[in-house]
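Undergrad: The following block contains the structure, expressed as structure tokens.
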Amino acid sequence: MTIASSARAALSLRPRVPILPPMRTFAKAPIAFSAALLAALAGGCLHIPPAPLSPADGAEQLEHRSLADPGLRTFLTQRRAQPTEAWPRTTWGVEDLTLAAIFFSPSLRIARSGSEVARAHEGTAAQRPNPTLQIQPQYLTNNVASGVPPWVSVFTLTWTIETGDKRDARRAVAAAGTSAALANELGTAWQVRGDLLRAAIALRAAEARAAGRDRIVALLTERERLLEDRLALGAASQREIAVVRQARLQSEGLRATSQRLAGEARARLAAALSLPRAALDGLVLAEELESEPTRWTPAATLDVETARHVALLGRSDLLVSLSDYAAAEANLRLQLAQQYPNVVFGPSYEYDQGGHRWGLSLSVSLPLLNQNRGGVEEAAAARDQSAARFEALQTQILAEVDGATASLDGARAERERAFALVRNAEQAKTFAARSLAEGASDRATYLVIELAREEAGLLAVDAQESWRLALARLELAVRPVGTVDATLRVVAAP
């Protein structure tokens, strides 16, 4: 017998292990099925490209912002429902500046994003639990020699059934969060409006003061020159000239201060518009603030009782607090629903070494160690806290309205006294001009009366600014519904 035939004989005597092609195929089946399932699920996933931030690009965009932005022109045209005049423009009123502030405001963009997040969270809260697929392939090596297929594979598909209306409770919590975000967006818009209005009023007053100081310096310079001419004729003294010169130098210092304050006021207006300071070069405020206050603020029409009533029932931050309370109430309902266990069930299939087994699984968590009492008590305490915050906010709003109305009453009285002083100075100026024309007085004497008129005008500018700021304070304290409110409800900016 040859060596080859001996080897073939030995191999023929060894027990054969049945390694069947179907078993190899089945061994690969769980992996193939899982891969196919994952590929199918991945195809339905959302894909959002990355959006990195660049400080350099952001800084460049901020530096090039201006009121000449074509997007702002489109925005104004849409909101005004009429074509915007020639662009770019240099004269701006309070309402158009408010729209510009809304267009550029980063804080309002943050609030807007908060509303979008809240809306997206509503979708998250409405989602139902996904089913779970569990695959457990096993290979038994001790059965290889027996000829029995060595594979044991278990497939289990489970579904979670939420009980106690948990999904509806989650949706209620999310909906209340969206309401709070929208109310907060309106509140942020009111803050933008308040900052803009105060800055515009301050700039108007600062420019008026600067112009008044210019006139006073010019009048003192002329009077000093006239006294020097008199001194040459022996009709004046060095003491008189020294007094006038000292007054002129002081006025020049005050003029420099007023010019600085005007520049700072323009910078504050630029900040309220979220623009660089250079973007306001050449800006001219319209005469709107000089007109009746009802043209630029609805607060001018409110009496004390109406202001209180409107603020205590409908202010935007009050709506935020109400929405927060609704969210706390809904969360309490959710925690109460969490006391009821969810049910998890599903079919199962088991391939056990050539045999097929079908089954059904059912599981319920047993509330033996806790019934979610901690969550319920915490949610109830949070609801009480939200109610206390609401009451505190109403108290704060009442104090703000009362303070604003008191400030407005005082500012109105100061304004009337200042205007009375101006009228008296105007009369004195008229008499002095008549005396000058009749030759009963001289130019130097007339300049003294005109200087008094200019000083009274500066007091009137201060009183007028205080009165307008008090109106703006009342507007922000009440946040009345009207044309301003309709403007602030605009939610559209790049």
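The values are calculated or read from the model by the stated rules, or taken from the named source; none is laboratory data. Small disclaimer: the values here were computed from a predicted structure and weren't measured. Cβ atoms come from the backbone with ideal geometry, glycine included; neighbour counts cover every protein chain shown. These accessible areas exclude ligands, DNA and RNA; they are computed on the full protein's heavy atoms, side chains included. Shrake-Rupley method; radii C 1.70, N 1.55, O 1.52, S 1.80 Å.
Undergrad: Condition first: within 25 Å of the chain's Cα centre (by Cα) and open to solvent by less than 70 Å² (accessible area, probe 1.4 Å). Can you find one or more residues in the stretch 251-266 that meet it?
TA: There is at least one residue in the stretch 251-266 that is within 25 Å of the chain's Cα centre (by Cα) and open to solvent by less than 70 Å² (accessible area, probe 1.4 Å).
Undergrad: Moving on to the next point. Can you tell me which residue is surrounded by the fewest Cβ atoms within 10 Å (Cβ to Cβ) among those in the stretch 346-362 that are small (Gly, Ala, Ser) and touching a strand residue (DSSP E or B) at 6+ places or on another chain (Cβ under 7 Å)?
TA: It comes out as 359.
Undergrad: Would you confirm whether or not the stretch 296-308 contains a residue that is in contact with a strand residue (DSSP E or B) (Cβ under 8 Å, 6 or more places away or on another chain) and open to solvent by 40 Å² or more (accessible area, probe 1.4 Å)?
TA: Checked the stretch 296-308: no residue is in contact with a strand residue (DSSP E or B) (Cβ under 8 Å, 6 or more places away or on another chain) and open to solvent by 40 Å² or more (accessible area, probe 1.4 Å).
Undergrad: Name every residue in the stretch 423-442 that is out of contact with any helix residue (DSSP H, G or I) (no Cβ under 6 Å at 6 or more places or on another chain) and not small (Gly, Ala, Ser), in order of residue number.
TA: 423, 424, 426, 427, 430, 431, 434, 438, 442
Undergrad: Pairs please, first residue from the stretch 363-388 and in a loop (DSSP other than H, G, I, E, B), second anywhere and open to solvent by 60 Å² or more (accessible area, probe 1.4 Å), Cβ atoms under 8 Å, 6+ apart in sequence or on different chains.
TA: Hits for this filter: 367/339; 371/339; 372/338; 372/339.
Undergrad: Could you check the stretch 149-174 and list, in sequence order, the residues that are touching a residue at least 60 places away in the same chain (Cβ under 8 Å) and either assigned to a helix (DSSP H, G or I) or basic (Lys, Arg) (or both)?
TA: 166, 169, 170, 172, 173
Undergrad: Residues in the stretch 329-345 that are open to solvent by less than 50 Å² (accessible area, probe 1.4 Å) and either small (Gly, Ala, Ser) or part of a strand (DSSP E or B) (or both): how many?
TA: Qualifying residue count, the stretch 329-345: 4.
Undergrad: Six or more apart or on different chains, Cβ under 6 Å: which pairs go from a residue in the stretch 112-138 that's more than 22 Å from residue 344 (Cα to Cα) to one that's open to solvent by less than 50 Å² (accessible area, probe 1.4 Å) and assigned to a strand (DSSP E or B)? Could you list them?
TA: Matching pairs, first to second residue: 137/153; 138/152.
Undergrad: If you don't mind, there's one more thing I want to ask. Name the residue that is surrounded by the most Cβ atoms within 10 Å (Cβ to Cβ), counting only residues in the stretch 444-480 that are modelled with pLDDT under 90 and more than 37 Å from the chain's Cα centre (by Cα).
TA: 444
Undergrad: Looking at 202, 286, which one is open to solvent by less than 20 Å² (accessible area, probe 1.4 Å) and under 21 Å from residue 67 (Cβ atoms)?
TA: Exactly one residue qualifies, and that residue is 202.
Undergrad: I'd like to check something: does the stretch 230-241 contain any residue that is surrounded by fewer than 14 Cβ atoms within 10 Å (Cβ to Cβ), among the aliphatic types (A, V, I, L, M), free of Cβ contacts under 8 Å to residues at least 40 places away in the same chain and not in a loop (DSSP other than H, G, I, E, B)?
TA: Yes: the stretch 230-241 contains one or more residues that are surrounded by fewer than 14 Cβ atoms within 10 Å (Cβ to Cβ), among the aliphatic types (A, V, I, L, M), free of Cβ contacts under 8 Å to residues at least 40 places away in the same chain and not in a loop (DSSP other than H, G, I, E, B).
Undergrad: Under the condition of being out of contact with any helix residue (DSSP H, G or I) (no Cβ under 7 Å at 6 or more places or on another chain) and of a type in the set (A, V, I, L, M, F, W, C), which residue from the stretch 62-91 is farthest from residue 102 (Cα to Cα)?
TA: The extreme case among them is 86.
Undergrad: Under 7 Å between Cβ atoms, at least 6 apart or on separate chains: pull out the pairs that start in the stretch 66-80 with a residue that is over 12 Å from residue 104 (Cα atoms) and end on any residue that is crowded, with 17+ Cβ neighbours inside 10 Å and not polar (S, T, N, Q).
TA: Short answer, once both residue conditions are applied: 76/96; 76/99; 79/99.
Undergrad: Given the options 161, 110, name the one that is within 21 Å of residue 364 (Cα to Cα), of a type in the set (A, V, I, L, M, F, W, C) and surrounded by fewer than 14 Cβ atoms within 10 Å (Cβ to Cβ).
TA: 161
Undergrad: Could you look through the stretch 345-377, keep only residues that are farther than 30 Å from residue 329 by Cβ and among the hydroxyl-bearing types (Ser, Thr, Tyr), and pick out the one that is modelled with the lowest pLDDT?
TA: 351
Undergrad: Related question: Any residue at all in the stretch 416-432 that's under 39 Å from the mean Cα position of the chain (by Cα), open to solvent by 40 Å² or more (accessible area, probe 1.4 Å) and modelled with pLDDT of 95 or more?
TA: Yes, because at least one residue in the stretch 416-432 is under 39 Å from the mean Cα position of the chain (by Cα), open to solvent by 40 Å² or more (accessible area, probe 1.4 Å) and modelled with pLDDT of 95 or more.
Undergrad: Cβ-Cβ below 7 Å, separation at least six or inter-chain, first residue in the stretch 404-424 and over 22 Å from residue 198 (Cβ atoms), second open to solvent by 90 Å² or more (accessible area, probe 1.4 Å): which pairs?
TA: Close Cβ pairs (under 7 Å, with a partner that is open to solvent by 90 Å² or more (accessible area, probe 1.4 Å)) amount to 421/459.
Undergrad: Could you tell me whether the stretch 401-408 includes any residue that is among the charged types (D, E, K, R) and either open to solvent by 60 Å² or more (accessible area, probe 1.4 Å) or more than 29 Å from the chain's Cα centre (by Cα) (or both)?
TA: No, the conditions are met nowhere in the stretch 401-408.
Undergrad: If you don't mind, there's one more thing I want to ask. Given (1) touching a residue at least 24 places away in the same chain (Cβ under 8 Å); (2) under 26 Å from residue 58 (Cα atoms); (3) in contact with an Asp or Glu (Cβ under 9 Å, 6 or more places away or on another chain), identify the lone condition not met by residue 280.
TA: (3)
Conditions (1) surrounded by 12 or more Cβ atoms within 10 Å (Cβ to Cβ); (2) modelled with pLDDT under 85; (3) under 30 Å from residue 130 (Cα atoms), marked per residue:
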residue	(1), (2), (3)
29	yes, yes, yes
34	yes, yes, yes
40	no, yes, yes
47	no, yes, yes
52	no, no, no
81	no, yes, no
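Undergrad: Of the numbered conditions (1) touching a Phe, Trp or Tyr at 6+ places or on another chain (Cβ under 8 Å); (2) open to solvent by less than 30 Å² (accessible area, probe 1.4 Å); (3) among the polar types (S, T, N, Q), residue 115 fails exactly one; give the number of that condition.
TA: Of everything listed in (1) touching a Phe, Trp or Tyr at 6+ places or on another chain (Cβ under 8 Å); (2) open to solvent by less than 30 Å² (accessible area, probe 1.4 Å); (3) among the polar types (S, T, N, Q), residue 115 misses just condition (1).
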